[in-house]
Amino acid sequence: TTHADWTKTDQYHNKYLLSQDEALEFALKNTDANGIPLISVSAAQGKYLYLLAKTLGAKQILEVGTLGAYSTIWMAKALPEGGEIISLEVNPKHAKISTENIAHAGLSSKARVILGPALDSFPTLSPSPPFDLVFIDADKDNNGPYFAAARKLVRTGGVIVVDNVVRNGRVADDSLQTTDVVGVRKLLQMVKDDKGVEATTMSTVGDKGYDGFMYILVNEGI
Ligand code: SAM
């Protein structure tokens, strides 16, 4: 099958399972209109993150990599009154547009963007209670350090999801040594060596191509 088939299948299922959402559509349009590449999660993946947040009863969520806050808004929609999602973003333009998109969605009291390199922002975070859910979707080279930093801030029973861990099969091709796939391989080794977590990779195909989510359950906090 081809990319066109995957897109068709996403659209087919979305017709039944997803409803139109003005705020999410605005976020995509406003991101695109400002010349930011639309490398956000797909609609179906956004809904998946939303459902995961609801399933966990998440009150505190962390995201690494905001872009135009498309995934941020999906997860914020799952939060109860008083819940919060913090999203870390290095690009000032992305952070600005994200803040606009969050405001347009009426979610400014629940979603906050912190501008700066994520590894610099991590030490400033002290969520209380700890995070229920972390979504890592920024520069892939730093997947390992992001996992290590997030790991310390997630509650027992919490979940860390890492996007783009398959990369059209490139991660599994050891002849390739680009920093992004090397970053995912480092993450795989770290997760394997961490006895306090259990994890699996779910490959995804859809209108964003062939890729995958790593789902990491934290059994023991550190
Ligand atoms: N999660 C978003 C969504 O699904 O709508 C997409 C995020 S996009 C794939 C990756 C984002 O990570 C970009 O906006 C990029 O500027 C940001 N980024 C790259 N390096 C970063 C860093 N060191 N710290 C924080 N954000 C970073």
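Values as computed for the structure displayed
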item: Pairwise FRET efficiency - residue 156 versus residue 182, Cβ, R0 = 35 Å, nearest 0.05; result: 0.70
item: Extension gain (nm, one decimal) between residue 1 and residue 34, 0.36 nm per residue minus Cα-Cα; result: 8.6 nm
item: Test item: Cα-centred dipole of the chain, Lys/Arg +1 and Asp/Glu -1 on Cβ, debye; result: 260 debye
item: Extension gain from residue 141 to residue 25, taking 0.36 nm per residue of separation minus the Cα-Cα distance; result: 38.8 nm
item: Trypsin sites (Lys or Arg not before Pro) restricted to DSSP loop in the range 159-222 with at most 14 other C-beta within 10 Å; result: 195
item: Sequence-distant lysines (8 or more away, or on other chains) whose Cα lies within less than 28 Å of residue 54; result: 8, 15, 29, 77, 96, 110, 140, 152, 192, 195, 208
item: Shape of the chain, Cα gyration tensor, a/c cut at 1.5; result: rounded
item: Rounded, prolate or oblate (a/c below 1.5 giving rounded, otherwise prolate when a/b exceeds b/c) for the range 52-168 by Cα gyration tensor; result: rounded
item: Cβ charges +1 (Lys, Arg) and -1 (Asp, Glu), total dipole of the range 1-80, debye; result: 260 debye
item: In the range 75-107, GluC sites (Glu not before Pro) in a DSSP loop with at most 11 other beta-carbon atoms within 10 Å; result: 81
item: Fraction of antiparallel bridges per DSSP, the range 3-218 only, in percent to nearest 5; result: 45 percent
item: Cβ-based charge dipole, the range 3-218, positive-most Cα from 177, 150, 115; result: 150
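Bear in mind these aren't lab numbers, they're just calculated from the coordinates by the rules spelled out. Every value quoted in this text rests on a predicted model; they were computed, and no experiment measured them. Neighbour counts are summed over all protein chains in view; Cβ atoms, including those assigned to glycine, are modelled from backbone coordinates with ideal geometry.
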